[in-house]
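First up is the structure itself, then whatever we jot down about it.
The values are calculated or read from the model by the stated rules, or taken from the named source; none is laboratory data. These numbers come from a predicted model, not from an experiment. Note that we place each Cβ from the backbone using ideal geometry, even for glycine, and neighbour counts take in every protein chain shown. Keep in mind that these areas ignore ligands, DNA and RNA; they rest on the heavy atoms of the full protein, side chains included. Shrake-Rupley method; radii C 1.70, N 1.55, O 1.52, S 1.80 Å.
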Amino acid sequence: MLLAMPTQPMALVSVDPAQILLDVFGYPAFRGPQEAIVRHVCAGGSALVLMPTGGGKSLCYQIPALCRTGPGVVISPLIALMQDQVEAMAQLGVRAAALHSGQGQEQTLATWRCLRAGELDLLYLSPERLLAGDCLERLGEGPIALFAIDEAHCVSQWGHDFRPEYLQLALLAERFPSVPRIALTATADPKTSNEIRQRLQLEQAPVFLASFDRPNIRYLLREKEDARKQLLTFLSQHKGESGIVYARSRNRVDSFCKELQVAGYNAMAYHAGLAPEVRTSVLERFRRDSDVIVVATIAFGMGIDKPDVRFVAHLDLPKSLEAYYQETGRAGRDGLPALAWMLHGAGDIPQLRRFIEDSEAEASQKQIEHGKLDALINFTEACSCRRQVLLSHFGESLKEACGNCDICLEPDRSVDVTEAARKALSAVFRSGNRFGAAHVVDILLGADTARLRELGHQQLSVYGIGKELDRGQWRSLFRQLLAKGFLISDPAGHGGLQLGADPLVRPLLRGEESLALRLPAPRQERRQKRGAAAVAEQTPVAEADADLLKLLKDWRRQQAQSQAVPPYVVFHDRTLLEIASSRPMDLESLASISGVGKAKLSRYGDELLKLIGQ
Ligand code: ADP
Ligand code: ZN
């Protein structure tokens, strides 16, 4: 095998990466660790890059591929992703091609011909394709700039996107020892990154870790009351925007999707129960149109690199905080304001516990899953800045509250709930440590239900002692007591509550400790608060000439249609916004706009100036 090792010329940094960034991509500056990564790889080094979705991973290998001799070979798990990148590269004047199973033989041969003639800067391949036939031998015939292994967490059996073919990518290290390998992923937990380094033989390579903060995403969590009504109200402020609505089950996806269609939205359902052709066409519509809402299960995931997703809405709790972060990360990749909106309610939790208990997993794995759920509850019940809680879960600390989440934007002072918490704990205890929150709240409120009568719970001393709070407030209090460990739910996941461990509970019951928590406003006040909430739910708009922006977007749509590419491949919203607000009058000032590189300037510059001059 070693005999096939290609001879690689000395790493040559022929061009300045910063100049390429400006000339080709039209961007004036690198972001975060991009520059360090690019210089390291240009000099022939391998690396592991951990960067959030939308952080700008692609440039980290695209620029070195342009600087170094030979094509950069990019291993990517999804055909749709490769296609997007190839189209985007073509617009920038970069010579890129993809090899995958969806192509005819003629196209494949043409790509190999270009490669041999030294006419390719980037070659995208699926791992299967790389390992099939004589692909490796052919690649070995000439110099290669680098191997980029995108979505590198697919090599991890620990994660949820495991792809067995990724394991074989280890052979690149043996087969091409002098070619730099750069593995990239948005999954940053230490367990996954160690597994990537080990399996891809990158133990000696430096790890570049970008901040996982996505400041343009606004996190808004809402108590679940009437999911359908809440969703429609939320969406009414986002007409014409594209977004993703996640729901837990296929049934829920189908029924919410219908609701949205009836309400006049351009909504489409996506889940694993649909035929592959249907799923492909949904993905395609989502990429090409800018006002499509996809209602989906988590099956709609990897491979969505559409930059202008303006919101991600969760109708049900996600599986874990990691999953939440990945799902919400699909919003606002273009850096423009975007919303992560989620409904959460007590009802979701017992169900999630039950899923874990009913799964086939081993006891130790179940424990890990319960721990993940606890972290998620800790986030939904947080009384401090959501972003701080989120980032600290990923090992990063944010000094100041963010000012861009529901807690920061809609401050709701915490109140002393010691007395109420004691009542809640007593009611749980006196009813026998086995009922769910809904029933215990009925006891506290002195409700008259058949179940209470049947169980004789109207005779309990705690019956009707909690009328100072309304049902919504009690439910919130119970969730928070659960999140803080004052209550624990029965491990079988039936939702039954019992008192938590002792060093915590007794001092509170005895009145030695007090407890302050954030409670929702009473029902009548909540209506008024909706006004404030509605403001937070709007997407902040940049100041731009609205008429010009519309002209630009119409022009972009025509361009995209005539070239059969998604509109964002022509220009991102961000670039059009900047043009519409600064109104450049000549090619030189147009070139200074972020996202306008040399190729796009010469191709579209004159037309754009005409539009601006109208
Ligand atoms: P990732 O693969 O990390 O999710 P991408 O590589 O798709 O992210 O980049 C996200 C977006 O940010 C893209 O639209 C890209 O063009 C843009 N971008 C990346 N780097 C820069 C930069 N230095 N300046 C401006 N925009 C950038
Ligand atoms: Zn905040």
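Pop out the carbon and sulfur fraction of the accessible area of the range 414-518 as a percent, whole number, probe 1.4 Å.
Numbers: 2410 of 4930 Å².
With neighbouring chains kept in place, the figure for the range 414-518 is 49 percent.
For the range 357-487, what does the equivalent ellipsoid look like in terms of its semi-axes, each the square root of 5 times an eigenvalue of the Cα gyration tensor, given largest first in whole Å?
Numbers: eigenvalues 205, 96, 22 Å².
Ellipsoid half-lengths, sorted descending, are 32, 22, 10 Å.
Using only Cα atoms, find the angle between the long axis of helix 471-483 and the longest principal axis of the chain, and express it within 0 to 90 degrees, rounded to the nearest 10.
Long axis of 471-483 versus the principal axis of the chain: about 70 degrees.
Taking the Cα centre of each part, how many Å lie between the range 107-154 and the range 559-614?
32
Whole Å is fine, so just give me how far the alpha carbon centre of the range 445-483 lies from that of the range 320-366.
Answer, in whole Å: 29.
For the chain, build the charge dipole from Cβ charges (+1 Lys, Arg; -1 Asp, Glu) around the Cα centre, then report which of L517, V312, P17 sits farthest towards its positive end.
Toward the positive end, the furthest listed residue is L517.
Run a plain Debye calculation on the chain (Cα atoms as equal point scatterers, no solvent) and give log10 I(q)/I(0) at q = 0.05, 0.06 Å⁻¹, rounded to two decimals, same order as the q list.
Each listed q corresponds, in turn, to -0.26, -0.38.
Share of the range 546-613's accessible area from carbon and sulfur, percent, 1.4 Å? Write down the numbers at each step before the final one.
Working: 1690 of 3320 Å².
Solvent-exposed carbon and sulfur of the range 546-613 make up 51 percent of the total.
Is it possible to state the helix-based mean residue ellipticity at 222 nm for the chain, with each DSSP H run of 4+ residues giving -39500 (n - 2.57), the sum divided by total residues, to the nearest 500 deg cm²/dmol? What is it?
Details: 29 runs with 278 residues, N = 614.
Rounded to the nearest 500, the figure is -13000 deg cm²/dmol.
Taking the Cα centre of the range 373-490 as origin, sum charge times position over the Cβ atoms of Lys and Arg (+1) and Asp and Glu (-1), and report the length of that vector in debye to the nearest 20.
Working: 15 positive and 15 negative charges, 58 e Å.
The dipole of the range 373-490 has a size of about 280 debye.
Normalised by the residues of the chain, what does the relative contact order come to in percent, with Cα pairs under 8 Å and at least six apart? Before the final figure, lay out each step's value.
Details: 1030 pairs, mean separation 85.4, N = 614.
Relative contact order here is 14 percent.
Please give, to one decimal in nm, the separation of the simple spin-label points placed at V278 and A263, each 7 Å out from Cα toward the Cβ.
2.2
Report Rg(Cα)/(2.2 N^0.38 Å) for the range 414-518, keeping two decimals. Could you put the intermediate results ahead of the total?
On the way: Rg = 12.8 Å, N = 105, 2.2 N^0.38 = 12.9 Å.
Ratio of Cα Rg to 2.2 N^0.38 Å: 0.99.
Per 10 Å bin from zero, what fraction in whole % of the C-alpha pairs of the range 164-264 is there, up to the bin with the longest pair?
Going from the shortest bin to the longest, the percentages are 10, 29, 17, 20, 19, 5.
Would you list E223, E513, E454 from the most to the least accessible area, probe 1.4 Å?
Details: E223 55, E513 105, E454 155 Å².
The ordering from most to least exposed comes out as E454, E513, E223.
When ligands, DNA and RNA are left out and all protein chains stay put, how many square angstrom of accessible area per residue does the chain have with a 1.4 Å probe?
44
HN-Hα J couplings of the range 52-66 from phi, Karplus 6.51/-1.76/1.60, θ = phi - 60°, integer Hz, Gly and Pro as x?
Calculated HN-Hα couplings, in order: x, 3, x, x, x, 6, 4, 4, 5, 10, 5, 5, x, 4, 7 Hz.
Over 31 Å apart: what share of the alpha carbon pairs of the range 17-209 falls there, rounded to a whole percent? Walk me through the numbers on the way to the answer.
Working: 1965 of 18528 pairs.
The answer is 11 percent, as a whole percent.
Check which residues have an amide H placed less than 5 Å from A47's amide H, if you skip close sequence neighbours.
Here R181, I182, A183 satisfy the definition.
How large is the dipole of the range 217-409 about the Cα centre if only Lys and Arg carry +1 and Asp and Glu carry -1, each at its Cβ, rounded to the nearest 20 debye? Write down the numbers at each step before the final one.
Values: 26 positive and 27 negative charges, 76 e Å.
Its charge dipole is roughly 360 debye.
Which one, Q365, V38, Q157, projects farthest toward the positive side of the charge dipole computed for the chain from Cβ point charges (K/R +1, D/E -1)?
It is Q365, whose Cα lies furthest towards the positive end.
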